[in-house]
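See below for the structure under consideration.
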Amino acid sequence: DAGVTQSPTHLIKTRGQQVTLRCSPKSGHDTVSWYQQALGQGPQFIFQYYEEEERQRGNFPDRFSGHQFPNYSSELNVNALLLGDSALYLCASSLPGVGNEQYFGPGTRLTVT
Amino acid sequence: QQQVKQSPQSLIVQKGGISIINCAYENTAFDYFPWYQQFPGKGPALLIAIRPDVSEKKEGRFTISFNKSAKQFSLHIMDSQPGDSATYFCAASRVSGGTSYGKLTFGQGTILTVHP
């Protein structure tokens, strides 16, 4: 049973550029959440997708957007990259109503120069 | 009201000892409290979780103690091993309805080092 997978593993971008990160949820899961983890900090909630719609959003600017596909996979897009966007981006999948057990992928390390 | 405060920031324990990490929350609407373990370069892995209708939950060497009136919960790792050396995060969320559903609010993390 494959767990949550994310691609790419690492990414280096320049300020002002745009980036797309991808996530495939754990088999059987239909809800995907995205988190940003700065070095030495706990993950911060960006948003959650369910039934191809953004169901909940954290305190992140509109430069952060996402999408969920019919197969439950998801993308995170960040426009106009800033140096402060450098972080580990984590995707978590879950089944709603099952105690909110969220299972995380290995993350994508984004470096903005 | 959404904060979760975790302590200590770092912890050093001898092999075979007990590791204790504490968390406090503010939002009384939280009703799901998981602990995650994260190794360098990896994503957080769900260790154990508790709902507020019980005061303690044990899974192997890991135990969560929960004090609803104090709005505190803690992770105890019994017989700590060098392989337990990792960063531990507590988190909280609201499962049962409301607009907070699904969002995990994390503590700042505790770096645990277990010496052989």
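The values are calculated or read from the model by the stated rules, or taken from the named source; none is laboratory data. None of the values given here were measured: they were computed from a predicted structure. Reconstructed Cβ throughout: ideal geometry from the backbone, glycine too, with neighbour counts over all protein chains shown. Heavy atoms of the whole protein, side chains included, go into the accessibility calculation; ligands, DNA and RNA do not. Shrake-Rupley method; radii C 1.70, N 1.55, O 1.52, S 1.80 Å.
Among the criteria (1) open to solvent by less than 10 Å² (accessible area, probe 1.4 Å); (2) touching a Phe, Trp or Tyr at 6+ places or on another chain (Cβ under 8 Å), the one B:Ser19 does not fulfil is (2).
I'd like the full set of residues that are assigned to a loop (DSSP other than H, G, I, E, B) and open to solvent by 50 Å² or more (accessible area, probe 1.4 Å), limited to the stretch A:1-16.
Hits for the stretch A:1-16 are A:Asp1, A:Ala2, A:Thr9, A:Thr14, A:Arg15, A:Gly16.
Of the strands (runs of 3 or more DSSP E) contained entirely in the stretch A:17-113, those carrying at least 1 residues that are open to solvent by 30 Å² or more (accessible area, probe 1.4 Å) and of a type outside the set (A, V, I, L, M) fall at A:19-24, A:44-50, A:53-57, A:64-68, A:74-78, A:108-112. Take the residues of the stretch A:32-55 that are touching a Gly at 6+ places or on another chain (Cβ under 8 Å) and of a type in the set (D, E, K, R): which is farthest from the other protein chains (Cβ to nearest Cβ)? Per the stated criteria, the residue is A:Glu54.
Taken as a whole, the stretch A:17-38 holds no residue that is in contact with a Cys (Cβ under 9 Å, 6 or more places away or on another chain) and farther than 15 Å from A:Gly66 by Cβ. Please work out if A:Leu95 is within 22 Å of B:Tyr32 (Cβ to Cβ), more than 7 Å from every other protein chain (Cβ to nearest Cβ) and not charged (D, E, K, R). Yes; evaluated as a whole, the condition is true for this residue.
Just one of the listed residues (B:Ser65, B:Ser74) is at pLDDT 95 or above, in contact with a Phe, Trp or Tyr (Cβ under 7 Å, 6 or more places away or on another chain), surrounded by fewer than 22 Cβ atoms within 10 Å (Cβ to Cβ) and farther than 23 Å from A:Val32 by Cα, namely B:Ser65. Filtered by the rule that a residue be among the acidic types (Asp, Glu) and either within 30 Å of A:Thr108 (Cβ to Cβ) or within 14 Å of another protein chain (Cβ to nearest Cβ) (or both), the stretch B:33-80 gives B:Asp53, B:Glu59.
The test for being at pLDDT 95 or above, away from every other protein chain (no Cβ under 14 Å) and within 17 Å of A:Tyr89 (Cα to Cα) holds for A:His67.
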